[in-house]
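Read through the structure below, which is laid out as structure tokens, and then see the notes.
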Amino acid sequence: MANHGPSYGLSRELEKKNIARFSLEEAQEVLFWIEQVTGVQFERDPATIETSQDMSEMLKDGVQLCMMMNCILGNARGVRFHAKPKMPFHKMENISNFLDGIKVYGVPEISCFQTVDLYENKQGYKVIECLRSLAAVAQSKKANVAFPSWAVKMSLSVPRNFSDEVIRQGEMVIPLQYGTNKCASQKGMTPYGLSRQIKTDQA
């Protein structure tokens, strides 16, 4: 991780918010799932992590992420990566390749994190949200891997096809946005601005 000095002002406020949004329980669940999919144990037991920084240190080389993606794809060379990265740019390249792979797979770009979010632990919660989204997409595509109980089942579109006759019948109905004459009306009301009519009693 790059050496950064202490943050102040708005940067400090944002840092506090990012830390508050990080869920340790969810992070541990995701790390255990990665181990289950890849069959490779982390050097550190996921149950022992305490902060987002700990999570970042376990994933920042990108190796486990790329291995997991290849297991989901069922292709050992689906996402290319440096198996034993030493230099920072090799580790960041692994993360970038993983992100490119999940976008092609179907994870919405809005659900993906940025490379620095993981490598420099900028927004650890976004990393976890992204991996949970990947689990949901993989489950919807019936990938040949184990899925945890927390994987969200994605809704599927159910398109409706109407015949031309039904569509024409719908065009004959006047929607209420155009108004109706079956409710209250202005019958008997005095037109706005009309002077009051005063009539004297006639003999």
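For LYS91, the aspartates and glutamates whose Cα comes closer than 12 Å to its Cα, not counting residues fewer than 8 places off in the same chain, are GLU57, ASP61, GLU120. Only Cα pairs under 8 Å and 6+ residues apart enter the sum, and on that basis the relative contact order of the stretch 12-138 stands at 28 percent.
Laboratory data are not the source of any read-out in this text; all were calculated from the coordinates shown. Given the structure is predicted, the values throughout are model-derived calculations rather than measurements.
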